[in-house]
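Read through the structure below, which is laid out as structure tokens, and then see the notes.
The values are calculated or read from the model by the stated rules, or taken from the named source; none is laboratory data. Note that the structure is a prediction, hence the values are computed from the model and not measured. Every residue, glycine among them, receives a Cβ derived from its backbone with ideal geometry; neighbour counts consider all protein chains shown.
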Amino acid sequence: MISQVGKEEGKEVTGKCSMLRNEMQTNKPLKLLEGKRSDVIIWNDYLRKQTEEMKKEPRWFEAAWLYVECYMYRRIQDAFDLTSKLQDFDPFKNSKEMAFQSSLDAALYFGKHILTTIEQLQQKLHKDSPEVFEHFQLFLQVSLWGNKCDLSISAGQNVAQKESPVEQIHKLQDQILVNDTRKLLEILHQANHDNPNKVTLSLVLDNAGFELFTDLCLVEILQQLELVTFVNFYVKDMPWYVSDATEQDFLWILEVLGKSEHQSFQELSKIWIEKLQQKLWTIEKEKYWTLPFDYSVMEEMDPALYAKLSASQVIIFKGDLNYRKLTGDRQWDFETPFQTSLQGFLPAPICALRTLKADTVTGLSPGQGESIAKSFPDWMISGDFGLIQIATP
Ligand SMILES: O=P(O)(O)OC[C@H]1O[C@](O)(CO)[C@@H](O)[C@@H]1O
Ligand SMILES: [Mn+2]
């Protein structure tokens, strides 16, 4: 329940958001943050440095898109931080929850599919059987296409997933521009060989709701196939890009599945809650994901996080924004090796699972981008094309 004070403060936040919109529309200079969160100093220093480097104050239409776009979400949080009652209020919660509710059919279909798969795996499957690859590939691709479901482009409007994901992925095969699935499986096999029963996967999450559900299913299968032992899920530490997953969103989905009338959902929720209790899964909150930096400077700016990621055997980065931060959101030639575009960021083998929604991409084969562009002019922003892309140290 929001108190009377909370209601009044809600009006103040709305007023601040209108001002923010006006600053944006009229291309005003970016302002310093005013709240008291621990990252304010970092954001404000960054703005001062940008001003020094550009020899003028950064403005909305002139500064780098990655920076201003992140700054916009950070300013929204700043408005809440300046209240006494609404600092933990998530303005996107409703949109995230509604989007998941309207994707329940697809989630249920996939939930039943994973439970059947688990049963088969437990009964018979030999770890070297070709079926391992089939399962691995299917769950990886469903998690990839789950990334189509973000709410930032649709301004929070519904992006319900209606069709059965298993049937959809067959149709989408040709839209995977780089497919390093086999390499990823090899890396996991090698990691198990080197560290039996001690393989840690870091999964840097993107969106809550249906995408998160597909991520949880992917991880479950990786553990069932005994390719991965521990999973660290990295969530956002504040509401971000509308649909990005926070710890609350993660816990919410487990709760909703647990309370569902469908037995398959209940079962999955029970298995996953146990994994959290047994520390086979952990939810990690780190502030770096909502700072203005790309990942090439993480080692310098946040050596502790870099070291933590380095301790895992594989890191999966989900989604478009993570990809932009991996590549510094530069206008790379499409054929630049993915590894080059990481500019030294490689704490452990990296796998990017991303549908293209912004115009940066690397690691394509000669002429591939140009050829797609002829038939699909908006191939880089439509979310219709995807990558399963690996870089190894
Ligand atoms: O949820 P995702 O996959 O990171 O997508 C968010 C993307 O949407 C946009 O906000 C709009 O294109 C991009 O700036 C951003 O990279
Ligand atoms: Mn997102």
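So, in the stretch 306-324, exactly how many residues are in a helix (DSSP H, G or I), under 17 Å from the mean Cα position of the chain (by Cα) and more than 8 Å from ligand 1 (Cβ to nearest atom)?
Initial filter on the stretch 306-324 (in a helix (DSSP H, G or I)): 306-310, 320-324.
Narrowing further to those that are under 17 Å from the mean Cα position of the chain (by Cα): 309, 320-324.
Remaining after also requiring more than 8 Å from ligand 1 (Cβ to nearest atom): 309.
Matching residues across the stretch 306-324 total 1.
Every residue, every condition in (1) out of contact with any Lys or Arg (no Cβ under 7 Å at 6 or more places or on another chain); (2) among the small types (Gly, Ala, Ser); (3) surrounded by fewer than 19 Cβ atoms within 10 Å (Cβ to Cβ), yes or no:
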| residue | (1), (2), (3) |
| --- | --- |
| Ile42 | yes, no, yes |
| Glu57 | yes, no, yes |
| Leu82 | yes, no, yes |
| Phe89 | yes, no, yes |
| Lys93 | yes, no, yes |
| Met98 | yes, no, yes |
| Ser102 | yes, yes, yes |
| Gly111 | yes, yes, no |
| Leu115 | yes, no, yes |
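How about the stretch 314-326: which of its residues are more than 16 Å from ligand 2 (Cβ to nearest atom) and either acidic (Asp, Glu) or in contact with a Ser or Thr (Cβ under 6 Å, 6 or more places away or on another chain) (or both)?
Ile315
Collect the residues in the stretch 350-376 that are away from ligand 1 (no atom under 16 Å from the Cβ), assigned to a loop (DSSP other than H, G, I, E, B) and either of a type in the set (Phe, Trp, Tyr) or surrounded by fewer than 21 Cβ atoms within 10 Å (Cβ to Cβ) (or both), keeping them in residue-number order.
Answer for the stretch 350-376, where residues must be away from ligand 1 (no atom under 16 Å from the Cβ), assigned to a loop (DSSP other than H, G, I, E, B) and either of a type in the set (Phe, Trp, Tyr) or surrounded by fewer than 21 Cβ atoms within 10 Å (Cβ to Cβ) (or both): Ser365, Pro366, Gly367, Phe376.
Residue check, Tyr323 against (1) out of contact with any Asp or Glu (no Cβ under 8 Å at 6 or more places or on another chain); (2) more than 25 Å from Pro393 (Cα to Cα), all met but one. Which one?
(2)
Give Val256, Val219, Val228 a once-over and let me know the one that is more than 16 Å from ligand 2 (Cβ to nearest atom), among the hydrophobic types (A, V, I, L, M, F, W, C), over 11 Å from Phe92 (Cβ atoms) and part of a loop (DSSP other than H, G, I, E, B).
Val228
Quick one: in the stretch 1-45, which of the residues that are more than 29 Å from Asp294 (Cα to Cα) and β-branched (Val, Ile, Thr) is farthest from the chain's Cα centre (by Cα)?
In the first step, residues of the stretch 1-45 are kept if they are more than 29 Å from Asp294 (Cα to Cα); the result is 1-12, 14-15.
Subsequent filtering for residues that are β-branched (Val, Ile, Thr) retains 2, 5, 14.
Values: Ile2: 30, Val5: 34, Thr14: 27 Å.
Step by step, filter the stretch 1-45, then rank; the result is Val5.
(1) part of a loop (DSSP other than H, G, I, E, B); (2) away from ligand 2 (no atom under 16 Å from the Cβ); (3) farther than 23 Å from Glu186 by Cα; (4) of a type in the set (Val, Ile, Thr): which one isn't true of Ile381, the others all being true?
The single condition Ile381 does not satisfy is (2).
From the set of residues in the stretch 46-62 that are under 21 Å from Tyr295 (Cα atoms) and at pLDDT 95 or above, which is nearest to the chain's Cα centre (by Cα)?
This residue is Tyr46.
Go through Phe265, Phe250 for me and flag whichever is touching a Leu at 6+ places or on another chain (Cβ under 6 Å), touching a residue at least 40 places away in the same chain (Cβ under 8 Å), assigned to a helix (DSSP H, G or I) and crowded, with 19+ Cβ neighbours inside 10 Å.
Only one candidate passes the filter, namely Phe265.
Would you check which residues across the stretch 59-80 are farther than 13 Å from Met24 by Cβ and surrounded by fewer than 18 Cβ atoms within 10 Å (Cβ to Cβ) and list them?
Ala64 - this is the single residue of the stretch 59-80 that is farther than 13 Å from Met24 by Cβ and surrounded by fewer than 18 Cβ atoms within 10 Å (Cβ to Cβ).
Name the helices (runs of 4 or more DSSP H) wholly within the stretch 1-95 that hold at least 3 residues that are in contact (Cβ under 8 Å) with a residue 12 or more places away in the chain and under 22 Å from Ala358 (Cβ atoms)? Lay out the reasoning, then the answer.
On the way: elements: 4-25, 40-54, 65-81.
Filter on the stretch 1-95 gives 40-54, 65-81.
Quick one: which of Ser296, Ser202 is among the hydroxyl-bearing types (Ser, Thr, Tyr), more than 15 Å from ligand 2 (Cβ to nearest atom) and surrounded by fewer than 21 Cβ atoms within 10 Å (Cβ to Cβ)?
Ser296
Quick one: in the stretch 303-326, which of the residues that are in contact with a Pro (Cβ under 6 Å, 6 or more places away or on another chain) and under 18 Å from Lys287 (Cβ atoms) is surrounded by the fewest Cβ atoms within 10 Å (Cβ to Cβ)? If you could, list the steps in order and put the result at the bottom.
If we filter the stretch 303-326 for residues that are in contact with a Pro (Cβ under 6 Å, 6 or more places away or on another chain), which is where we start, we get 306, 309-310, 314.
Narrowing the set further to residues that are under 18 Å from Lys287 (Cβ atoms) leaves 306, 309.
On the way: Tyr306: 17, Leu309: 26.
Checking each candidate, the answer is Tyr306.
What pairs can you find where one residue is in the stretch 197-208 and in contact (Cβ under 8 Å) with a residue 12 or more places away in the chain and in a loop (DSSP other than H, G, I, E, B), the other is small (Gly, Ala, Ser) and within 9 Å of ligand 2 (Cβ to nearest atom), and their Cβ atoms are less than 6 Å apart, with a gap of 6+ or different chains?
Cβ pairs passing all conditions: Leu205/Ala245; Asp206/Gly319; Ala208/Ser243; Ala208/Ala245.
Looking for whichever is on the phi < 0 side of the Ramachandran plot and within 16 Å of ligand 2 (Cβ to nearest atom) here; the options are Glu52, Glu57, Glu69, Glu62. Which one fits? Before you say what the answer is, go through the steps one by one.
On the way: Glu52 fails: within 16 Å of ligand 2 (Cβ to nearest atom); Glu57 fails: within 16 Å of ligand 2 (Cβ to nearest atom); Glu62 fails: within 16 Å of ligand 2 (Cβ to nearest atom).
When all the criteria are applied, what remains is Glu69.
Table: residues versus (1) more than 30 Å from Thr327 (Cα to Cα); (2) of a type in the set (Lys, Arg).
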{"position": "Val13", "(1), (2)": "yes, no"}
{"position": "Ser38", "(1), (2)": "no, no"}
{"position": "Trp43", "(1), (2)": "no, no"}
{"position": "Arg48", "(1), (2)": "no, yes"}
{"position": "Lys56", "(1), (2)": "no, yes"}
{"position": "Tyr73", "(1), (2)": "no, no"}
{"position": "Asp78", "(1), (2)": "no, no"}
{"position": "Asp81", "(1), (2)": "yes, no"}
